[in-house]
Amino acid sequence: MGNNRNDRFWLSEKSDRARLRNAENARKNRAEIVKALSHGKISRRELVRMGLFTTAGVLAPIGGLSPFVRSAQAQTTSFSSGCFGFDVPTGMSPSPTFGVPAFSAAMPRFDVLRRNTVSTLNPAPQAAANTTQQPVDPLLGGGTGPIEGRPPGAIWAHQRFAQFPPQIAIEVNAAQATANTTYNPGVASNLNSGINPAQSFPLRFSLDPRFPTQQPNSVWTLNGTIPPKLAQVRYGEPVLFRYHNRLPADVSQNNGFGRHTISMHEHNAHHGAENDGFTGAYFFPNEFYDYHWPWVLAGFTTINTGATDARAGAPNDAGGINKVPGDWRETMSTHWFHDHMFSFTAQNVYKGIAAMNNIYSSLDRGDETVNDGVNLRLASGSSNGKGWGNLDYDVNLMLADKAWDSSGQLAMDIFQFDGFLGDQITVNLAWKPYFEVERRRYRFRILNASVSRFFKLALADASGNARTFWQIANDGNLLPRVAPLTQTDELGIAERYDIIIDFANFNLNDKLWLVNLAEHQNGTEPDADLTLAQALATPQCDPGVGKFLEFRIVRNPTNPDVSRDVSVAANQTLIPNPDLSQIPVAKTRNFVFDNNPNVDTNDPVTTFITGAGGQRPAWGIATDGQRNALAADFGRVTAAPSFGTRETWTLTNARDRWDHPIHIHFEEGVILSRTDNRGNSVPISLAEQGRKDVYRLHPGGSVTITMQFRDWGGMFMEHCHNTMHEDNAMLMRWEIDNGGAPFLRPLPTPIPSPQGVTFEAPDDNMCNGVEFQTEPC
């Protein structure tokens with residue numbers, strides 16, 4: 001990270017009017033190109049030929065097009081005395097706040113999705129894709145196509161569907177922005193800062209009516225509404241998640257960004273690949289896709305198969321435990337699910353297609369009053385006889401930076417291939433809100449749902465002092481031991497940190513703030529981690545730094561707080577990591593994340609499309625000694641671990657100028673070691689010592705992990721979760737394909753269309769130079 005704060009440039013609403021006017025004109029001109037590219041009316045190749053796009057893959061520095069170029073009339077206006085120049089990482093003029101003061105409107109809690117009986121689904125779910133034919137919209141080519149977009153046949157049929165038949169149905173739509181008239185926060189109004197759920201909830205980035213309502217195609221969300229959605233599930237209770245595509249059939253109806261083909265990834269559930277939201281298993285408007293989430297513990301086929309251990313269990317409705325097979329040390333708690341459309345993940349997630357998932361277990365049941373010797377009694381409140389899933393003092397927080405145009409409509413510069421940054425921080429899609437709390441312990445499940453921005457969190461009191469809080473989970477997995485903190489590690493994109501804040505340590509009417517310490521110059525990496533005093537100073541070089549959520553302590557606890565006091569040393573042991581000492585390492589692999597990759601395939605559907613004159617994509621991945629990284633192709637099989645084995649993978653960042661949060665689908669891993677950019681060993685922080693699914697690759701550094709491949713099969717992914725990097729070719733496919741029928745080695749690649757999914761052989765029938773039909777790779 002850099003140390004010179006004079007090279008960070010953002011434009012303030014208070015900047016010179018000529019500069020603001022030129023930036024807004026540039027934004028409008030860029031928006032026309034963004035729109036044409038997103039609609040498929042023009043290609044990167046054509047932009048290069050016209051001189052509007054460089055062969056490096058960015059917009060050319062042309063006045064009136066790029067906000068990075070100053071007009072002759074515009075003068076440099078510093079945002080603060082410590083910053084100078086004019087550089088707008090959003091690619092547009094500053095996002096207005098319409099005269100609304102920060103922390104003047106409440107933060108809405110998540111909208112809880114309805115849990116229905118499976119019989120409410122019509123048609124009824126089935127193991128294989130439902131290929132019943134329907135008319136296809138002429139805008140999508142006409143003719144007929146299947147009602148379900150899941151690839152057909154045995155390979156994409158739900159694995160173990162008869163063994164784990166769905167017991168609960170959750171049915172949602174991907175839809176255009178609209179008002180929420182059925183908001184269900186799952187808690188009483190006094191636990192939601194006084195918000196009345198019966199009132200219509202317009203889609204605005206603040207409850208203050210001065211913020212404009214979003215147009216239907218500015219924002220797409222689950223059911224088309226905000227706040228973000230929350231699913232509540234239990235181990236041993238399989239869920240059928242039916243996901244309808246209600247987006248416009250006309251690809252141009254997107255307000256300039258976003259793609260109407262979608263795929264939902266439950267991050268990082270332990271289930272078959274047909275339910276993983278594979279990037280190439282996308283589906284079209286007017287289709288649905290049935291995802292089968294069985295909610296089983298990893299290792300259920302080999303560990304505790306008789307379901308005799310109460311720690312491997314689910315909370316039942318009577319306050320007891322339903323025991324389940326599997327390893328209790330693999331228990332997960334906080335997930336999220338989001339779009340994973342090939343080359344459009346960043347745009348679709350930024351546009352709003354993201355939600356969270358609370359997973360309840362006998363260890364983490366969501367009822368602090370159940371004292372059965374198994375329940376960890378983490379802050380939640382009492383479920384009043386339900387026995388699980390109470391949300392009173394268990395609060396989901398989705399952090400995301402956003403930008404909007406001068407009229408307040410959500411905007412994005414899709415040309416920021418190094419990483420897109422917004423200049424406004426939202427919590428649960430609300431701009432700098434407040435949240436009312438009682439004087440007791442709260443659990444906050446914090447998700448970084450940004451495109452490229454990292455957060456480093458501190459808790460500040462009114463005097464600017466850092467106050468202690470306790471991290472209990474990382475990436476949805478409860479830690480082996482609680483980590484007392486005054487500031488977190490840098491929270492990478494898609495990472496989840498669960499923390500406990502004890503407001504009993506403060507007085508009525510006190511206020512505290514969550515503060516972001518991670519400063520960005522651009523989307524490549526955090527450029528500096530500021531001290532709390534620096535972050536609280538105003539104005540900031542990076543407007544994403546500083547306070548972003550205000551806590552108001554408004555009353556004493558309604559009921560006694562009987563939750564686990566994690567500040568006490570004796571209460572700080574949570575869930576140990578699985579014991580892998582007796583499981584041999586079958587193979588070691590090396591993955592190097594780099595820029596300027598080679599393109600070795602040319603499939604019109606599966607290959608990342610490149611530009612003219614040998615232009616390379618921005619990002620790629622090299623495997624096991626390959627000289628150059630390769631650009632993404634979801635038809636290429638890069639690795640195929642054998643079913644039932646354990647491997648060790650080393651992930652390396654080839655450059656000192658970028659920070660990559662790497663996500664490996666399907667299975668949690670454990671970090672064995674880290675190195676810095678000089679190859680020196682780096683201690684693993686207490687907060688990273690549990691199981692993880694996102695691994696921060698610091699500039700020039702590496703991380704070595706170990707993970708297992710068991711229970712399920714199919715094709716999965718590994719990619720950078722700076723989704724601008726992912727969408728611009730830093731993604732690879734791997735698969736578990738030798739676990740028996742119906743799987744083949746290698747698996748055929750799905751090729752979706754509105755008229756039905758076809759299959760083709762993998763683009764590259766080689767894996768590390770080995771023809772793996774005859775030899776595993």
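The values are calculated or read from the model by the stated rules, or taken from the named source; none is laboratory data. Quantities reported herein were computed from a predicted structural model and do not represent experimental measurements. So basically every Cβ, Gly included, is an ideal-geometry build from the backbone, and we count neighbours across all protein chains shown. Only protein heavy atoms, including side chains, enter the accessible area calculation; ligands, DNA and RNA are left aside. Shrake-Rupley method; radii C 1.70, N 1.55, O 1.52, S 1.80 Å.
Here are some notes:
- Scanning the range 160-177 for residues that are open to solvent by 20 Å² or more (accessible area, probe 1.4 Å) and in a loop (DSSP other than H, G, I, E, B) yields ARG160, PHE161, ALA162, GLN163, PHE164, PRO165, PRO166, GLN167.
- Within the range 551-607, considering residues that are among the hydroxyl-bearing types (Ser, Thr, Tyr) and under 30 Å from THR369 (Cα atoms), the one modelled with the lowest pLDDT: THR558
- Test: residue in the range 294-312 that is crowded, with 24+ Cβ neighbours inside 10 Å and not in a loop (DSSP other than H, G, I, E, B): no
- For the range 429-437, the count of residues that are open to solvent by 20 Å² or more (accessible area, probe 1.4 Å), out of contact with any helix residue (DSSP H, G or I) (no Cβ under 7 Å at 6 or more places or on another chain), outside any strand (DSSP E or B) and among the charged types (D, E, K, R) is at least one.
- Selected residue [free of Cβ contacts under 8 Å to residues at least 60 places away in the same chain and within 30 Å of ASP401 (Cβ to Cβ)] from PRO108, PRO101, PRO94: PRO101
- Of all residues making up the range 216-228, the number that are within 18 Å of GLN424 (Cβ to Cβ) and part of a loop (DSSP other than H, G, I, E, B): 5
- Residue satisfying condition, being more than 29 Å from HIS265 (Cβ to Cβ) and assigned to a strand (DSSP E or B), within set ALA473, ALA458: ALA458
- Single residue of the range 399-450 satisfying the filter (among the polar types (S, T, N, Q) and over 21 Å from the mean Cα position of the chain (by Cα)) that is nearest to LEU191 (Cα to Cα): GLN409
- Within the range 376-394, the set of residues being open to solvent by 10 Å² or more (accessible area, probe 1.4 Å) and free of Cβ contacts under 8 Å to residues at least 60 places away in the same chain comprises SER383, ASN384, ASN390.
- Under the condition of being open to solvent by 10 Å² or more (accessible area, probe 1.4 Å) and under 24 Å from ASP276 (Cα atoms), the residues counted in the range 670-695 number 2.
- Condition check for THR369: open to solvent by 10 Å² or more (accessible area, probe 1.4 Å), modelled with pLDDT of 95 or more, part of a loop (DSSP other than H, G, I, E, B) and touching a Pro at 6+ places or on another chain (Cβ under 8 Å): no
- Residue under evaluation THR117, criteria (1) modelled with pLDDT of 95 or more; (2) among the hydroxyl-bearing types (Ser, Thr, Tyr); (3) touching a Ser or Thr at 6+ places or on another chain (Cβ under 9 Å), criterion not met: (3)
- For the condition at pLDDT 95 or above and closer than 21 Å to THR334 by Cβ, GLN689 qualifies.
- Residue check, ALA640 surrounded by 21 or more Cβ atoms within 10 Å (Cβ to Cβ) and closer than 17 Å to ALA729 by Cβ: no
- Residue count for the range 430-464, restricted to those that are in contact (Cβ under 8 Å) with a residue 60 or more places away in the chain and more than 30 Å from ASN722 (Cα to Cα): 7
- Qualifying residue in the range 102-120 (condition: part of a loop (DSSP other than H, G, I, E, B), surrounded by fewer than 19 Cβ atoms within 10 Å (Cβ to Cβ) and among the small types (Gly, Ala, Ser)): yes
- For the criterion of being within 24 Å of LEU207 (Cα to Cα) and crowded, with 24+ Cβ neighbours inside 10 Å, ALA449 passes.
- Yes/no for GLN626 being open to solvent by less than 30 Å² (accessible area, probe 1.4 Å) and either at pLDDT 90 or above or part of a loop (DSSP other than H, G, I, E, B) (or both): no
- Pairs meeting the criteria (first residue in the range 497-520 and among the small types (Gly, Ala, Ser), second residue not in a strand (DSSP E or B), beta carbons under 6 Å, at least 6 apart or on different chains) are ALA504/ARG439; ALA504/ARG440; ALA518/PHE454; ALA518/LYS456; ALA518/GLU490.
- Scanning the range 376-387 for residues that are more than 25 Å from GLU495 (Cα to Cα) and either modelled with pLDDT of 95 or more or of a type outside the set (Lys, Arg) (or both) turns up GLY381, SER382, SER383, ASN384, GLY385, GLY387.
- Test: LEU207 is modelled with pLDDT of 95 or more and either buried (at least 22 other Cβ atoms within 10 Å of the Cβ) or outside any loop (DSSP other than H, G, I, E, B) (or both): no
- Applying the condition of being open to solvent by 10 Å² or more (accessible area, probe 1.4 Å), more than 21 Å from ALA379 (Cβ to Cβ) and not charged (D, E, K, R) to the range 490-525 and asking which residue is nearest to the chain's Cα centre (by Cα) yields THR524.
- Hey, THR301 within 22 Å of the chain's Cα centre (by Cα), polar (S, T, N, Q) and under 19 Å from PHE666 (Cβ atoms) or not: no
- Looking across the range 536-578 at every residue that is within 24 Å of LEU686 (Cα to Cα) and without any contact (Cβ under 8 Å) to a residue 12 or more places away in the chain, the one that is most open to solvent (accessible area, probe 1.4 Å) is identified as ALA570.
- Near pairs, Cβ below 7 angstrom, 6+ apart or cross-chain, from the range 751-774 (closer than 20 Å to PRO641 by Cβ and open to solvent by less than 30 Å² (accessible area, probe 1.4 Å)) to any residue that is modelled with pLDDT under 85 and charged (D, E, K, R): PHE772/ARG745
- Total residues in the range 384-410, condition part of a loop (DSSP other than H, G, I, E, B) and touching a helix residue (DSSP H, G or I) at 6+ places or on another chain (Cβ under 9 Å): 5
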